[in-house]
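*Asks:* Got a structure here, written out as structure tokens. Questions coming.
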Amino acid sequence: MGRLFRIAPMVLSVLVLANVASAGAPPKDPFNSPMWGWVYEEILEQGQVIFDDRVKVDAPDSAEGNFQVPVSVRVDGLDDVTEIILIVDLNPILKTAKFTPNKARPYFALRVKMGQASVIRAAARTKDGVWHLGGKYVDASGGGCTVPSVQMAAADWESNLNNVQAQIWPRENGVDRIRTRIIHPMDTGLSGNIPAFFMEHLSIKNAEGVELAHLQTFEPVSEDPVITFEVDAVGETGGYSISGMDNNGNEISAWVEKAPKS
Amino acid sequence: MNFIKTTLALAGGAAIAVSSMSSQAQAGVTDADIANDSKTTHQIVTNGMGRKGQRFSPLKIVNKSNVKKLLPVWSFSFGGEKQRGQESQPLIYDGVMYVTSSYSRIFAVDVKTGEELWQYDARLPDGIMPCCDVINRGAALYGDLVYFGTLDAKLVALDRKTGKVKWKKKLGDYKAGYSFTAAPFIVKGNVITGVSGGEFGIVGKVEARNAETGELVWSRPTIEGHMGMLNGKPSTMTGKLNATWPGDMWKSGGGATWLGGNYDDETDTIFYGAGNPAPWNSHLRKGDNLYAASRLAINPDNGEIKWHLQTTPWEGWDYDGVNEVVSFNAGGKKLAATADRNGFFYVMDRTNGKLQNATPFVEQISWASSIDVKTGRPNFIDSNRAGDPTKSADGKKGKAIFAVPSFLGGKNWMPMAYSQNSGLFYVPSNEWGMDLWNEPVTYKKGAAYLGAGFTIKPLFEDYIGSLKAIDPMDGSIKWELKNNAPLWAGVMTTAGGLVFTGNPEGYFMALDDATGKVLWKFQTGSGIVSQPVTWEENGEQYFAVVSGWGGAVPLWGGDVAKRIKHLNQGGSVWVFKMPK
């Protein structure tokens, strides 16, 4: 596992150095990550960056399992967040998810695979184009990205593929918290002779088909993704559609209804 | 310099915006591109190098006098440990080669450099049931999409530039034995497909889907009694219920449309073949069993059958009727030819299916003495039908016979070519027979539905494969090239007087179209069971062929195994041209 990793940052840091003169040095990274230069160039495209406490990444201090590390991102006190990108600096594939909070709170939670100890960071972009960055350092032992999924070994994986479980928890602040689990192997393509096979996007829509939240997902999202959104509540009753597609073109489609108040 | 680049990029962006706003965007491969593919030399956008499936190129930059100079330009590996039979025909468009491979994969490769642009790997369920290796025979291009079928019976439409999925539709239930490995094709804005699975008692069908959305437009089952569909509603029944099928046997009657079809614009007809009736044991289904073992002429607008030619009525030897129908014009007539599994070469009037002639193209045919040109029916040799097991002493095994051709056919899937240069057909055939006997069987979803046992045997000590040049006017054989192993590759011919094909021994070969003499050959490192192509760029003629041994022969080969067991697997594309 380590080999692929260590080579990548070295090569890339050379690229960054070569570009320093024209691009201007990136602002100093409070996490001192060796991949920060690359993140700044390639993912944030050298935009204006502020390290901002209002962008909170919550994750365990130490990952108990590298295959399912829970991460949540909440932006508090920033208006007009147009997108949030989740990045695990020292994974072979850094970009993990891109969230578009159309009519949702600037919050989402999911689980990620970790190749080794790394900063997990969220970059929230506001309407003015500025990136607001928060992050957390998570200790981990390693190997999460180059191991085949559990489902790869199961003969009947196809019969449950893209099955959806979901539940809604109404909150007092006019928010419905929706948590969903999609059955999917989420193979990264980095394990020998197993091509990449992963969910590419997931949408929450209301009954009228209006998209409330959109999440683009990449290979490092954990097998059987468990994803949480907070959307403006549909009302006392009603529900939401959950839809998406994987990179093979297999569709995800489900409807989740609010439980009647008891 | 920077300034110029920026301007161009902006202009390009604007053009894209405009075309995507128009609903009839003609970006990418157009109907005209497809209609003119047989005459256009700088690209290949159809399977068959032209809709009629002639596999004839007007190019003659490379010809009999200089073909020996051909050298490889690049080779591209499909990689992985998934090296099985590679039966694909590459497509060439806009500087990109689109080529499919074993295990339902498709690759976009830079034609100049052989570098991969993208790759799509279908994640296949463990339960797929391909009868005859995990092959794929090619893709279709239309607009900005590229289409191909998968072993779990899905049709996938991908953005040709990125490889991202636009849509994916289910053609059948893979758990019931359906799969799809043929190259789809485009007719009037629809993508046309069939299904494989005849060995599992599926029911064959030809279907048209809107190429942009994948929505079903029409569906035509190949077995009588089944209902067709048009625009979301039942249309007409195929044939007449129980006219040629006894009892309920039509419900799992086979007629798999596993080899793809083509389209003739002059008669506005889709030609598609239907496989053997199921099960193999013919005593369970007395009657002609329409439209199994037939060629169907289908109206592309509604999926109605215009006419049919059943090459083997009451089929009992696994003589599928799927082999390609190649349209050509000669003697002022609109004709079509097909070389059947049953060993006869048929030439018909393609406006009505009436036979012009039907002649044997392999040796020692045992099941019929001839074909009646008036009726189109074979003159059967009744003693060469395997016996009814219920009439045997223990009821478990009917009387065995030795029949020629074998169940793999005088000719199998590998497409022949028609030369406008020589007026001849170049037919890859095999000389073999089989011991065949019937057994009792009942239909069970997803289980093999044969009711027969068999073993294949070569007819001659020194060869099985035989590439033949056939004159369609009288069926006479002008020359023959013998090959030790069975031939399993398609053929292509050029105005340069050349015939190209490959053999399981790994050679990509160029032959003199008048004599069959091998003028050039190149060892590709694994067996060739695919479909070669040629095209032109900047005044140079290029050739491509996929190499990778496999297909049905090593799986079913019986005694034939002796001649092929030393052949190694592979999975690559080779591209050739003459050095400048």
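*Asks:* Run the simple label-point estimate for B:His42 and A:Ala155 please: 7 Å along Cα→C-beta, distance reported in nm.
*Replies:* Here the answer is 5.4 nm between the modelled labels.
*Asks:* Right, here's the next one. Enter the per residue convex hull volume of the stretch A:63-189, computed from alpha-carbon coordinates, in Å³ rounded to the nearest integer.
*Replies:* With only Cα atoms used, the stretch A:63-189 gives 129 Å³ per residue.
*Asks:* Could you state how much accessible area B:Leu450 has, in square angstrom rounded to the nearest 10, with a 1.4 Å probe and all protein chains kept in place?
*Replies:* Only protein atoms counted, so the area is about 30 Å².
*Asks:* Please compute the Kirkwood hydrodynamic radius of the stretch A:2-257 from all pairs of different C-alpha atoms, in Å with one decimal.
*Replies:* Taking the inverse mean of 1/r over all distinct Cα pairs, the stretch A:2-257 comes out at 18.9 Å.
*Asks:* Next question. So what is log10(I(q)/I(0)) for the stretch B:393-439 at q = 0.14, 0.30 1/Å, when the Debye sum runs over its Cα atoms only?
*Replies:* Once normalised to I(0) and log-transformed, intensities are -0.52, -1.01.
*Asks:* Right, next: With θ set to phi - 60°, apply the Karplus curve 6.51 cos²θ - 1.76 cosθ + 1.60 along the stretch B:334-348 and write out the HN-Hα couplings as whole Hz, x wherever there is a Gly or Pro.
*Replies:* Values, residue by residue: 8, 10, 8, 10, 8, 9, 7, 3, 6, x, 9, 9, 9, 10, 10 Hz.
*Asks:* Let me ask something else about it. On alpha carbon coordinates alone, what is the Rg over Rh value for the stretch B:210-344, Rh being the Kirkwood radius?
*Replies:* With Rg and the Kirkwood Rh in hand, the quotient comes to 0.98.
*Asks:* Here's a follow-up. Residues with amide H under 5 Å of B:Leu519's amide H, sequence separation 5 or more or different chain, H placed in the peptide plane at 1.01 Å from N; which?
*Replies:* Hits under the 5 Å cutoff: B:Ala510, B:Leu511, B:Asp512.
*Asks:* Right, another one. If I model a spin label as a point 7 Å beyond the Cα along the Cα-Cβ vector, how far apart are those points for B:Asp265 and B:Ser392 in nm?
*Replies:* For the pair B:Asp265/B:Ser392, the computed spacing is 5.4 nm.
*Asks:* Follow-up question, since we're still on this one. Counting only other chains, what is the mean number of Cβ atoms within 10 angstrom of the Cβ of each residue in peptide B:123-134?
*Replies:* Mean shielding by partner chains, rounded to a whole number: 3.
*Asks:* For a protection proxy built on the mean count of beta-carbon atoms within 10 angstrom, sort B:519-532, B:98-111 highest first, please.
*Replies:* Going by the mean number of other Cβ atoms within 10 Å, highest first, we get B:98-111, B:519-532.
*Asks:* Computed over the Cα atoms of the stretch B:488-580, what is the convex hull's projected area averaged over all directions, in nm²?
*Replies:* 6.6
*Asks:* Starting at the first residue of the stretch B:464-478, write each ³J(HN,Hα) from the Karplus equation 6.51 cos²θ - 1.76 cosθ + 1.60 with θ = phi - 60°, in whole Hz, x for Gly and Pro.
*Replies:* Rounded to whole hertz, the list is 10, x, 8, 8, 10, 9, 10, 7, x, 6, 9, x, 6, 9, 7.
*Asks:* Would you work out the relative contact order for the stretch B:41-571, in percent, from Cα pairs under 8 angstrom that are 6 or more residues apart?
*Replies:* Relative contact order, the stretch B:41-571: 14 percent.
*Asks:* Ok, one more. Report the label-to-label distance for A:Asp79 and A:Gln46 in nanometres (one decimal), using points 7 Å from each Cα along the Cα→Cβ vector.
*Replies:* 3.2
*Asks:* May I pose another question? I'd like the per residue volume of the convex hull spanned by the Cα atoms of the stretch B:156-226, given in cubic angstrom.
*Replies:* Dividing the Cα hull volume of the stretch B:156-226 by its residues yields 98 Å³.
*Asks:* Right, next: How large is the accessible surface per residue of the stretch B:41-571, computed with a 1.4 Å probe and reported in Å² as a whole number?
*Replies:* 32
*Asks:* Kindly express, to the nearest 10 degrees and within the range 0 to 90, the angle between helix B:2-21's C-alpha long axis and the longest C-alpha principal axis of chain B.
*Replies:* Once rounded, one gets 40 degrees.
*Asks:* Quick check for you: which residues of the stretch A:118-137 have the amide N under 13 Å from the point 7 Å beyond the Cα of A:Arg54 toward its beta carbon?
*Replies:* Hits in the stretch A:118-137 for A:Arg54 at 13 Å: A:124-134.
*Asks:* Now for a separate question. Convex hull over the alpha-carbon atoms of the stretch B:329-452: what's its volume per residue in Å³?
*Replies:* In the stretch B:329-452, the Cα convex hull volume per residue is 143 Å³.
*Asks:* Can you give the FRET efficiency for B:Asp372 and B:Lys251, using 1/(1 + (r/R0)^6), R0 = 30 Å, r = Cβ-Cβ distance, to the nearest 0.05?
*Replies:* Once the sixth-power term is evaluated, E becomes 0.45.
*Asks:* Filter the trypsin sites (Lys or Arg not before Pro) in the stretch B:236-325 down to the DSSP loop ones having no more than 11 other Cβ atoms within 10 Å, then list what survives.
*Replies:* Taking the stretch B:236-325 and a limit of 11 other Cβ atoms within 10 Å, the loop trypsin sites (Lys or Arg not before Pro) found are B:Lys240.
*Asks:* Going by accessible area, probe 1.4 Å, with all protein chains left in place, what is the ranking of A:Thr146, B:Thr113, largest first?
*Replies:* B:Thr113, A:Thr146
*Asks:* Taking the Cβ of B:Met578 as the centre, find all other residues whose Cβ is under 11 Å away and add up their charges (Lys, Arg: +1; Asp, Glu: -1).
*Replies:* That sum, taken over residues with Cβ under 11 Å, equals +3.
*Asks:* In this model, which of B:Lys205/B:Lys240; B:Lys52/B:Lys333; B:Lys82/B:Lys521; B:Lys333/B:Lys374; A:Lys95/B:Lys164 are farther than 20 Å apart at the alpha-carbon?
*Replies:* Where the Cα-Cα span goes over 20 Å, the pairs concerned are B:Lys82/B:Lys521.
*Asks:* Provide the FRET efficiency to the nearest 0.05 for the B:Glu540-B:Thr515 pair, computing r from the beta carbons and using R0 = 35 Å.
*Replies:* Computed FRET efficiency for B:Glu540 and B:Thr515 comes out at 0.85.
*Asks:* For chain B, what is the mean residue ellipticity at 222 nm derived from helices alone (per DSSP H run of n ≥ 4: -39500 (n - 2.57); sum divided by total residues; nearest 500 deg cm²/dmol)?
*Replies:* -1500 deg cm²/dmol
*Asks:* Sort the stretch B:61-105 into rounded, prolate or oblate with this rule: let a ≥ b ≥ c be the square roots of the eigenvalues of the Cα gyration tensor; rounded if a/c is under 1.5, and if a/c is not under 1.5, prolate when a/b is larger than b/c, oblate otherwise.
*Replies:* prolate
*Asks:* Which three lengths, in whole Å and largest first, does the protein assembly as shown cover when its Cα atoms are put on their principal axes?
*Replies:* 89, 72, 50
*Asks:* Within the stretch A:20-96, which GluC sites (Glu not before Pro) sit in a loop by DSSP and count at most 16 neighbouring Cβ atoms inside 10 Å?
*Replies:* Hits after loop and neighbour filter: A:Glu45, A:Glu64.
*Asks:* Contact order normalised by length for the stretch B:256-358, with contacts defined as Cα pairs under 8 Å and 6 or more residues apart; what percent is it?
*Replies:* The normalised contact order for the stretch B:256-358 reaches 23 percent.
*Asks:* Accessible area, 1.4 Å probe, largest first: how do B:Asp265, B:Asp126 sort?
*Replies:* B:Asp126, B:Asp265
*Asks:* Taking a ≥ b ≥ c as the square roots of the eigenvalues of the Cα gyration tensor of the stretch B:41-571, is the shape rounded (a/c under 1.5), prolate (a/b larger than b/c) or oblate?
*Replies:* Rounded, because the longest to shortest axis ratio a/c is under 1.5.
*Asks:* How long are the three semi-axes of the equivalent ellipsoid for the stretch B:170-269, computed from the Cα gyration tensor as the root of 5 times each eigenvalue, in whole Å, largest first?
*Replies:* 23, 16, 13
*Asks:* Can I ask one more? Just to be sure I understand: if you take the accessible area of chain B alone plus chain A alone and subtract the pair, with a 1.4 Å probe, what total do you get in Å², rounded to 100?
*Replies:* 1400
*Asks:* Could you state the angle between the C-alpha long axis of helix A:2-23 and the longest principal axis of the C-alpha atoms of chain A, as a value from 0 to 90 degrees rounded to the nearest 10?
*Replies:* Tilt relative to chain A: about 70 degrees.
*Asks:* Starting from the stretch B:177-220, pick out the GluC sites (Glu not before Pro) whose DSSP state is loop and whose Cβ has at most 14 other Cβ atoms within 10 Å.
*Replies:* Sparse-neighbourhood loop GluC sites (Glu not before Pro): B:Glu215.
*Asks:* Let me ask something else. In debye, nearest 20, what is the charge dipole magnitude of the protein assembly as shown about its Cα centre with +1 on Lys and Arg Cβ and -1 on Asp and Glu Cβ, if you could check?
*Replies:* It comes to approximately 1380 debye.
*Asks:* Which whole-Hz ³J(HN,Hα) couplings does the stretch B:574-580 yield from phi under the Karplus relation 6.51 cos²θ - 1.76 cosθ + 1.60, θ = phi - 60°, glycine and proline marked x?
*Replies:* Values per residue, Gly and Pro as x: 10, 10, 10, 7, 7, x, 6 Hz.
*Asks:* Which shape class applies to the stretch A:109-262: rounded if a/c is under 1.5, otherwise prolate when a/b exceeds b/c and oblate if not, where a ≥ b ≥ c are the square roots of the Cα gyration tensor eigenvalues?
*Replies:* In terms of gyration-tensor shape, oblate.
The values are calculated or read from the model by the stated rules, or taken from the named source; none is laboratory data. The shown structure was predicted, so the numbers you read here are calculated from the model rather than taken from an experiment. Because the Cβ atoms are built from the backbone with ideal geometry, glycine has one as well, and the counts that use them run over all protein chains shown. The area values use the complete protein model at the heavy-atom level, side chains included, leaving out ligands, DNA and RNA. Shrake-Rupley method; radii C 1.70, N 1.55, O 1.52, S 1.80 Å.
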